[in-house]
Amino acid sequence: MGTTQLDAVPEPKYWHLKTVLSDALDSEFAVGEILPNERELAARFGVARATLRQALEQLELEGRLQRRRGVGTTVAPPRFGVDVGSVDQSWPGTPDDAWQTGESEEIAPPANVAEFLGQDTGETVHSVRRTRMTHGQPVATELLYVPESSVPGLPASASAGGAARGREVLRELQRLELAGQERTVELGSARADDARQLDRLPGAPVLVVTTRYVAQGGTTAAVAVSTYRADTCRLTFGDRVPEPVRAASEGAAHESAPRRHRPGARLSRI
């Protein structure tokens, strides 16, 4: 196949290239397959590597590709739904919580979180690091910020730190009466520490969910900043609607239908 001519296309080159690559991913590549390197791809399509990177970054943002440490760029599996807000709102750390509690320490929160909490800049709060696993892989990391005023009865034994301290902070927080939660979602880039925990590269696209926990009286008792992998997660809110019952034969056919065609084919065959 010759190189693809993009000069006459009115839309940006990288956008047209993204469409061409997306079609190839649907028809010729299997989930998990490694794409050729940037030099080969750029030569194949007759574009600068900067243009190619823009197209690949857009496909990663859309969840079609994954950049994996030590592996390269691979075809991503379809996104799966991750529930981030049900009708039954509760404090973090309850028995039905999907998060794993990690280490805890006292830190000064970012300025926007301090403003939510009504704290002065530089004033320390309790922090609890948490991780969310789905299908055996980390899909989100969270930092929960809890001011001293929300957990005045925190036992002295909690000063040792680590996961035990984190569980003590959550246990004490649950003594308050929860009035409600407020959530915001925005697109962001993975910071170095979050990227390391999520097995992503720094700067990879992520979805940042900020949750404000409000206690009775309207005071902000805690703020959680959760960072979700944008390449694998589709965030859902509220109760899940039951799926319609299908005939057994229809369900079996649906489950066995391949998501990609001709696994093992190479991009040179586009």
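The values are calculated or read from the model by the stated rules, or taken from the named source; none is laboratory data. In this text the structure is predicted, and so the values were computed from the model without any measurement. Positions of Cβ are generated from backbone atoms using ideal geometry, with glycine treated the same way; all protein chains shown enter the neighbour counts. Just so you know, the surface numbers come from the protein's heavy atoms only, side chains and all, with ligands and any DNA or RNA stripped out. Shrake-Rupley method; radii C 1.70, N 1.55, O 1.52, S 1.80 Å.
Simple point charges give the picture: +1 on the Cβ of Lys and Arg, -1 on the Cβ of Asp and Glu, and for the range 13-115 a dipole about the Cα centre of about 960 debye.
Largest first, how would Phe237, Phe80, Phe45 line up by accessible area (1.4 Å probe)?
Numbers: Phe237 115, Phe80 40, Phe45 0 Å².
Result, largest first: Phe237, Phe80, Phe45.
For the range 229-235, putting each phi into the Karplus relation 6.51 cos²θ - 1.76 cosθ + 1.60 with θ = phi - 60° gives couplings of 5, 6, 7, 10, 9, 10, 6 Hz, in residue order, rounded to whole numbers and with x for Gly and Pro. Amide H contacts of Gly85 (H built 1.01 Å from N, in plane; Pro and chain starts excluded): Gly238 sit under 5 Å, all sequence-distant by 5 or more or on other chains.
For Trp15, the accessible area of its heavy atoms, probed at 1.4 Å with every protein chain present, is near 90 square angstrom. Backbone geometry of the range 52-69 corresponds, through the Karplus equation with coefficients 6.51, -1.76 and 1.60 at θ = phi - 60°, to 3J(HN,Hα) couplings of 4, 4, 4, 5, 5, 5, 5, 5, 5, 4, 7, x, 8, 10, 10, 9, 10, 4 Hz, x marking Gly and Pro. Listed peptides 178-185, 53-60 appear in the order 53-60, 178-185 once ranked by packing, highest mean of other Cβ atoms within 10 Å at the front.
Can you give the Rg/Rh ratio of the range 144-235, where Rg is from the C-alpha atoms and Rh is the Kirkwood radius?
Ratio of gyration radius to Kirkwood radius: 1.05.
Whole Å is fine, so just give me how far the alpha carbon centre of the range 108-143 lies from that of the range 149-206. Spelled out, the Cα-based centre of one part sits 4 Å from the other.
Karplus-based coupling profile of the range 133-138, in residue order and whole Hz: 10, 9, 6, x, 10, x, with θ = phi - 60° in 6.51 cos²θ - 1.76 cosθ + 1.60 and x standing for Gly or Pro. Extension gain, Asp199-Thr184: 0.36 nm per intervening residue step, less the Cα-Cα distance, totals 3.0 nm. Residues whose amide H falls under 5 Å from that of Glu103, counting only those 5 or more places apart or on a different chain, are Arg129, with hydrogens built in the peptide plane.
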